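Peer 1: Got a structure for you, questions after.
The values are calculated or read from the model by the stated rules, or taken from the named source; none is laboratory data. Predicted model only: the values in this text are computed from it and were never measured. So basically every Cβ, Gly included, is an ideal-geometry build from the backbone, and we count neighbours across all protein chains shown.
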Amino acid sequence: MTDGHRPALLTRRGLTCVLLALFYGLAGVIHIAKPAPFLGIIPGWVPFPGPVVLFSGVAELAGAAALLQPRSARLRAAGGWGLALYAVCVFPANIHHFALDMTRPDHGLGLGYHIPRMFLQPVLVWLALWASGADQHFKRTRK
């Protein structure tokens, strides 16, 4: 994760890794410490919602740790892939939350929250892959 002679942290990828790690790290702590709001947005077809929320918090913390560790580009790339897949897997809960809120008389968090959230999810997938170098790692392993 180096760019010329600059330290890795001072690159766009490095800074994005730190920001993503802070975002996912905080989200992971909240998922584990206060799971109730997340339990309410899990679609009914998802089995064992309690353990799913707990596991999602652990996955976020593991991905954040992988992004921050400086020793292994492969581990960082694996963390990026993991967070990208995580963002894809939680998308049904985001859609379900959107639908639940829109059926409420007060519209819950409203369109101003849910519409940007829907568009942000694919961006989070791309950012996790790009910032972690997973996109570059995949290109190198295919050659």
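Peer 1: Does Pro35 satisfy being touching a Leu at 6+ places or on another chain (Cβ under 8 Å) and either within 20 Å of Thr11 (Cα to Cα) or of a type outside the set (A, V, I, L, M, F, W, C) (or both)?
Peer 2: It is true that Pro35 is touching a Leu at 6+ places or on another chain (Cβ under 8 Å) and either within 20 Å of Thr11 (Cα to Cα) or of a type outside the set (A, V, I, L, M, F, W, C) (or both).
Peer 1: Which pairs have Cβ atoms under 8 Å, sit 6 or more apart or on different chains, and link a residue in segment 56-74 that is without any contact (Cβ under 8 Å) to a residue 40 or more places away in the chain to one that is among the charged types (D, E, K, R) and surrounded by 15 or more Cβ atoms within 10 Å (Cβ to Cβ)?
Peer 2: Close Cβ pairs satisfying both conditions: Gln69/Arg76.
Peer 1: State whether the residues of segment 76-90 include one that is over 18 Å from Phe23 (Cα atoms), at pLDDT below 95 and assigned to a helix (DSSP H, G or I).
Peer 2: no
Peer 1: While we're here: Out of Phe38, Phe98, report the one residue that is in a helix (DSSP H, G or I), over 24 Å from Leu129 (Cα atoms), aromatic (Phe, Trp, Tyr) and touching a residue at least 40 places away in the same chain (Cβ under 8 Å).
Peer 2: Going through Phe38, Phe98 in turn, the sole match is Phe38.
Peer 1: When the residues of segment 93-138 are narrowed to those that are among the hydroxyl-bearing types (Ser, Thr, Tyr) and under 29 Å from Pro47 (Cβ atoms), which ends up surrounded by the most Cβ atoms within 10 Å (Cβ to Cβ)?
Peer 2: The residue in question is Tyr113.
Peer 1: Given the conditions (1) modelled with pLDDT under 95; (2) surrounded by 14 or more Cβ atoms within 10 Å (Cβ to Cβ); (3) not charged (D, E, K, R), which single one is not true for Leu15?
Peer 2: So Leu15 meets the others, but not (2).
Peer 1: For Arg76, only one of the following conditions fails: (1) touching a Ser or Thr at 6+ places or on another chain (Cβ under 8 Å); (2) more than 13 Å from Ser132 (Cα to Cα). What is its number?
Peer 2: Here Arg76 meets the rest and fails (2).
Peer 1: Considering only segment 41-64, state which residues are in a helix (DSSP H, G or I), in contact with a helix residue (DSSP H, G or I) (Cβ under 6 Å, 6 or more places away or on another chain) and of a type in the set (Val, Ile, Thr).
Peer 2: Val53
Peer 1: Could you pull out the residue among Val29, Val53, Val58, Val90 that is crowded, with 17+ Cβ neighbours inside 10 Å, among the β-branched types (Val, Ile, Thr), over 16 Å from Leu124 (Cβ atoms) and within 15 Å of the chain's Cα centre (by Cα)?
Peer 2: Val53
Peer 1: Suppose we keep only residues that are in a loop (DSSP other than H, G, I, E, B) and more than 25 Å from Leu19 (Cβ to Cβ) within segment 101-126. Which one would you say is farthest from the chain's Cα centre (by Cα)?
Peer 2: Among residues in segment 101-126 that are in a loop (DSSP other than H, G, I, E, B) and more than 25 Å from Leu19 (Cβ to Cβ), the one farthest from the chain's Cα centre (by Cα) is Pro105.
Peer 1: Across segment 76-115, what is the total count of residues that are farther than 19 Å from Glu60 by Cα and of a type outside the set (Phe, Trp, Tyr)?
Peer 2: 19
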